[in-house]
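A.B. asks: Questions regarding the structure given below will be posed in turn.
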Amino acid sequence: MCMDIKAITYSHDNRSTHLSDVSAYIQEGAITTIIGPNGCGKSTLLGIMSQHYRPQSGRVLLDGKELSLLKPRELAQKLAVVHQQQEAPGDTTVEKLVRFGRMPYRRLWRTDNDEDEVAVEWALHAAGIDHKRSSILAHLSGGERQRAWIAMALAQRTQLLFLDEPTTYLDLYHQLELLELVRTLNRESGLTIVMVLHDMNQAIRYSDHIIIMKEGRIVGEGTPKSVMTEEMILNTYQVKVAVKSDAQSGLYMVPVGL
Amino acid sequence: MGKKIVSFGILIALLLVTILYSAATGSIKVGLIELAQGLIWGGNESVEVVRDLRLPRLFVAMLAGAALAVSGVLLQAVMRNPLADAGVIGISSGAGLVSLLMVTIFPALYFWMPLFSFLGGALACFLVYSLSWRSGLSPLRLILVGVAVNATFTGLGQSFNYRGSYAVTSVNQAISSIFTLKTWSDVEIMALYGGIGLVLAMLMGPWCNMLVLQDKTAKSLGIPVTKARLIVSAIAVLLASVATAVGGLIAFVGLLVPHIARLFIGSDQKLLLPFSALGGAWLILAADTLGRTLLAPTEIPASIVMTVIGGPFLIIMLRRSERVHGH
């Protein structure tokens, strides 16, 4: 399932422009990462791509179909989003949360069928949270809670998975654990993934395709190797970096000054 | 799950016992067997008095309590705010004011009072939403705006009431909550509109479960958030307005009952809605029964009993709010 973003212009308040003339293509089966400085419009673009915001002009096509013509329920069967800082009532158990992921397939008050059960079991397992299924969310660690929310998104059984800064507030171990999970979901379950990240080295390591944004525009797009250059980072972040590569680390960058 | 079934069982038993006690107790005392016989075969004068005066009162009290409690659950879900309650944010006083005005100006339209009440409640709800909406609902702003709207409508209602002695007698029951002098026609109005509201509310459980998550989460799960919010709010306003139109202004029910219910039943709205309906019915019936038996023959209105119980309870609740689930 691919997504075509065409000439999007968007403003939250009709005064300042938050996205101007943004076009991009999300390739099926790839991990695409959007990076850029704070306030560059990364999360806004993700919001446009998931129909949370309606652009003032431009179109988003999902497999050639206009996104805005899909019913909310239809869209939720094709595209799942893990947002930043999601909340649920404190006594919600992991399993119950994951069952919410079946809402797009449910009519009011119908009970779960076999397909729902299979999807919930798979989601719990794929997110590596099935051992905590009866725990309540309030008792989980940050990493486990994030995986519970990912499991909820997986239970929607979509081909597209969006993650908005999924590693924020996690320590280094859990950041890597989460990104490994994302990679596994992509490689083994064939999910097309779009995420917003802050850490450039993580973006390099875990992405097939990187979109770099600055002030509401896309300033660079391509494979990690082709876009993550010293010049690009200086222009985008106003930070001098040294881009290195060695056998053990692959491509990586180190900030060297302002 | 076992705890939840036991909680339901105990609450239903409590409600039944209170109904029986309330039906048998008061200025005219009748035994339960005598009451049953009189209701079935007739011919017992004191049972007929009970049937015409006390039983309607019982039903109105229970339906009003259920309606207010469920309206509280719905508003708390839709506004994602544990303090949302029809009484606190002005829906009840809006409903009271508009029905008061209409009934005073057009006394012939008494039967349509629930409709005017609904319009008043909807007006208040709309005001609270639109005045506190600023790219999202801030819980604090919503409550502050609600308190202001409530004060305005209450003030208008009271000034109208002081306007002249002519209005006071005919209109008093619209704004104070005395369940005396309720007839079976009040029960009919209450059961019809309140019943519709309660049935619709029970169907809203899955949506309410989604609305207590954030909008962004609910949207991503394919919920038409704006539509769901509008429908759930409308049902909440209907329930609160009907309760106000027939039973008068009663504060705290929509706040207390859902909060206590959550302690027993958790935050799953599919269970919370019916449990709160039963709890609200029991609470108001108990408050009304207490009010008319405690200092008999003097009556304390249920609304006053509720305020006396509700105030301290709210303080206790806030003190231990760490342990109460926020929404």
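A.B. asks: Just the residues that are more than 9 Å from chain A (Cβ to nearest Cβ) and not in a helix (DSSP H, G or I), please, taken from region B:199-251.
C.D. replies: Within region B:199-251, B:G248, B:L249, B:I250, B:A251 qualify.
A.B. asks: Evaluate the following for B:L273: is it in a helix (DSSP H, G or I), within 14 Å of chain A (Cβ to nearest Cβ), surrounded by fewer than 17 Cβ atoms within 10 Å (Cβ to Cβ) and of a type outside the set (G, A, S)?
C.D. replies: No: the conditions fail for B:L273.
A.B. asks: Looking at region A:203-231, I want the residues that are without any contact (Cβ under 8 Å) to a residue 60 or more places away in the chain and have a partner that is acidic (D, E) with Cβ atoms under 8 Å, at least 6 apart or on another chain. Which pairs are those?
C.D. replies: Pairs found: A:T223/A:D208; A:V227/A:E221.
A.B. asks: Same structure, new question: In region A:101-116, is there at least one residue being assigned to a loop (DSSP other than H, G, I, E, B), away from chain B (no Cβ under 13 Å) and either within 20 Å of B:S267 (Cβ to Cβ) or not aromatic (F, W, Y) (or both)?
C.D. replies: yes
A.B. asks: Which is in contact with a Lys or Arg (Cβ under 7 Å, 6 or more places away or on another chain) and within 21 Å of B:M204 (Cβ to Cβ), of B:V78, B:V60, B:V88?
C.D. replies: Answer to the check: B:V78.
A.B. asks: Same structure, new question: Criterion first (crowded, with 21+ Cβ neighbours inside 10 Å, at pLDDT 90 or above and within 30 Å of B:Q214 (Cβ to Cβ)) does B:G72 satisfy it?
C.D. replies: So B:G72 fits the description; yes.
A.B. asks: For region B:141-187, name all the residues that are crowded, with 17+ Cβ neighbours inside 10 Å, more than 20 Å from B:I250 (Cα to Cα) and either of a type in the set (G, A, S) or modelled with pLDDT under 80 (or both).
C.D. replies: none
A.B. asks: State whether one or more residues within region A:122-144 are of a type in the set (A, V, I, L, M), assigned to a loop (DSSP other than H, G, I, E, B), out of contact with any Lys or Arg (no Cβ under 6 Å at 6 or more places or on another chain) and more than 8 Å from chain B (Cβ to nearest Cβ).
C.D. replies: Yes, that holds for at least one residue.
A.B. asks: For the list (1) part of a loop (DSSP other than H, G, I, E, B); (2) under 17 Å from A:L160 (Cβ atoms), I need the number of the one condition that A:G47 fails.
C.D. replies: (1)
A.B. asks: Consider A:L67 against the criteria (1) out of contact with any strand residue (DSSP E or B) (no Cβ under 6 Å at 6 or more places or on another chain); (2) buried (at least 16 other Cβ atoms within 10 Å of the Cβ); (3) within 14 Å of another protein chain (Cβ to nearest Cβ): it satisfies all of them except one. Which criterion is unmet?
C.D. replies: (1)
A.B. asks: Only one residue in A:A76, A:A80 is surrounded by 15 or more Cβ atoms within 10 Å (Cβ to Cβ), over 21 Å from A:L179 (Cα atoms), in contact (Cβ under 8 Å) with a residue 60 or more places away in the chain and touching a helix residue (DSSP H, G or I) at 6+ places or on another chain (Cβ under 7 Å). Which one?
C.D. replies: A:A76 is the lone residue from the list that is surrounded by 15 or more Cβ atoms within 10 Å (Cβ to Cβ), over 21 Å from A:L179 (Cα atoms), in contact (Cβ under 8 Å) with a residue 60 or more places away in the chain and touching a helix residue (DSSP H, G or I) at 6+ places or on another chain (Cβ under 7 Å).
A.B. asks: If you don't mind, another one. Which numbered condition trips up B:M190, out of (1) within 10 Å of chain A (Cβ to nearest Cβ); (2) farther than 20 Å from A:E74 by Cβ; (3) in contact with a Gly (Cβ under 9 Å, 6 or more places away or on another chain); (4) not small (G, A, S)?
C.D. replies: Looking at each condition in turn, B:M190 falls short on (1).
A.B. asks: For region A:70-91, give me the residue count where each residue is within 7 Å of chain B (Cβ to nearest Cβ) and assigned to a loop (DSSP other than H, G, I, E, B).
C.D. replies: 7
A.B. asks: Is it the case, given these coordinates, that A:V182 is buried (at least 19 other Cβ atoms within 10 Å of the Cβ), at pLDDT 95 or above and within 18 Å of A:M3 (Cα to Cα)?
C.D. replies: In short, no.
The values are calculated or read from the model by the stated rules, or taken from the named source; none is laboratory data. Quick caveat: nothing in here was measured; it's all calculated off a predicted structure. All Cβ positions, glycine included, derive from the backbone under ideal geometry; neighbour counts span all protein chains shown.
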